[in-house]
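J.: One structure is given below, represented as structure tokens, and several questions about it will come after.
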Amino acid sequence: MANKILSFNLEKTDCLRRTILCCLLCLLFVCVRSQTFLSPVSIIYTTTNTYISADKDAFSFTANQAALAGNKNFSAGFYGERRFLLADLSSYQLAVALPTPSGNFGVQGSYFGNAAFNESGVGLAYARSLGQVDVGVQFNYYQVKIAGYGNASAVNFEAGGILHITDQFQTGVHIYNPTRAGIGKSSEEKLPFIYSFGLGYDASENFFIGAEIQKEEGQQVNVIAGLQYAFDKKLFARAGISSATSSFYLGTGFLWNGFRIDLAFSVHPSLGATPGMLLVYNSPEKK
């Protein structure tokens with residue numbers, strides 16, 4: 001009998017915890033807008049690495065679709081992170097890049113949350129090179145679900161361009177949701193309009209530095225800056241900052257038989273650490 005009472009109390013406590021968490025997430029959803037949840041916290045360097053001259057992979061286009069034009073071979077990757085060490089705040093993302101003679105195609109999928117509250121999205125991207133300039137566009141389907149309240153969705157698009165000033169220096173611009181698409185039938189809640197400017201410089205074959213300035217509608221300007229150093233062709237390290245949340249991140253990665261494994265974590269001054277792992281496969285270069 002005691003075991004049954006204990007089991008009931010544990011289930012009741014867990015239900016209450018999830019309900020409170022759901023309410024907090026709903027509040028955050030209204031305050032900070034949806035794009036924040038689906039954007040990575042620990043793997044922030046995928047934003048600055050958009051503007052790297054070499055080593056393009058499946059995640060290169062997720063911050064600026066024009067970077068997809070630089071992919072020479074098939075690439076696919078997956079990442080997961082546990083935000084602030086909470087299982088209910090886990091986030092996952094999948095990306096695939098497919099080069100073709102008619103331009104390059106990409107697919108991106110994202111998921112954040114748990115059964116009580118979650119956001120998901122899927123996007124189809126296309127990019128091609130126009131000489132010194134690369135251009136790309138992506139169409140997205142976004143959905144949010146709240147237990148007991150149903151779900152709502154939206155369709156929007158994003159686009160970007162990258163200018164190759166030299167072989168080592170690139171700069172670009174990107175816009176997300178310029179039409180200010182609304183969520184659900186009423187469209188009262190809007191997805192944010194975001195625009196950004198980024199640049200990257202390959203100082204050498206081993207050292208890269210990049211930065212991006214982001215402005216989200218209704219939010220303060222966010223500056224993301226990062227650097228990457230390769231100790232050899234199979235081992236490298238990364239570090240950087242994000243000004244909007246006063247967060248910093250560190251990461252390391254290594255290559256093995258066409259696979260790249262990245263381990264990273266970021267630290268928020270108030271909310272704590274977020275560990276993450278990314279796995280990418282790049283097919284061998286065609287001879």
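The values are calculated or read from the model by the stated rules, or taken from the named source; none is laboratory data. Keep in mind that this is a model prediction, so the values were computed, not measured. As a convention, Cβ positions derive from the backbone with ideal geometry for all residues, glycine included, and neighbour counts pool all protein chains shown. To get the accessible areas, we keep the full protein, side chains included, count just its heavy atoms, and leave off ligands, DNA and RNA. Shrake-Rupley method; radii C 1.70, N 1.55, O 1.52, S 1.80 Å.
J.: Go through Thr166, Thr100, Thr274 and list them by solvent-accessible area, largest first, probe radius 1.4 Å.
T.: Thr166, Thr100, Thr274
J.: Here is a further query. Could you state the accessible area per residue of the chain in Å², with a 1.4 Å probe and every protein chain left in place?
T.: Numbers: 14890 Å² over 287 residues.
Per residue, the chain has 52 Å² of solvent-accessible surface.
J.: Find the all-direction average of the projected area of the Cα convex hull for segment 66-141, expressing the result in square nanometres with one decimal place.
T.: Directional mean of the projected Cα hull area for segment 66-141 stands at 6.0 nm².
J.: Could you tell me which of rounded, prolate or oblate describes segment 214-287, using a ≥ b ≥ c as the square roots of the eigenvalues of the alpha-carbon gyration tensor, with rounded for a/c under 1.5 and, failing that, prolate when a/b is larger than b/c and oblate otherwise?
T.: prolate
J.: Moving on. Normalise the Debye intensity by I(0) for segment 248-287, one equal point scatterer per Cα, no solvent, then take log10 at q = 0.31 Å⁻¹ and round to two decimals.
T.: Debye intensities relative to I(0), on a log10 scale: -0.99.
J.: Treating the angle as unsigned and between 0 and 90°, give the value, to the nearest 10°, between the Cα long axis of helix 2-32 and the longest Cα principal axis of the chain.
T.: 50 degrees
J.: Once the mean 1/r over all distinct Cα pairs of the chain is inverted, what Kirkwood radius in angstroms do you read off?
T.: About 19.8 Å, per the Kirkwood formula over Cα pairs.
J.: May I ask you to derive the FRET efficiency for Lys233 and Ser153 from their Cβ-Cβ distance with R0 = 51 Å, giving the value to the nearest 0.05?
T.: About 0.70, to the nearest 0.05.
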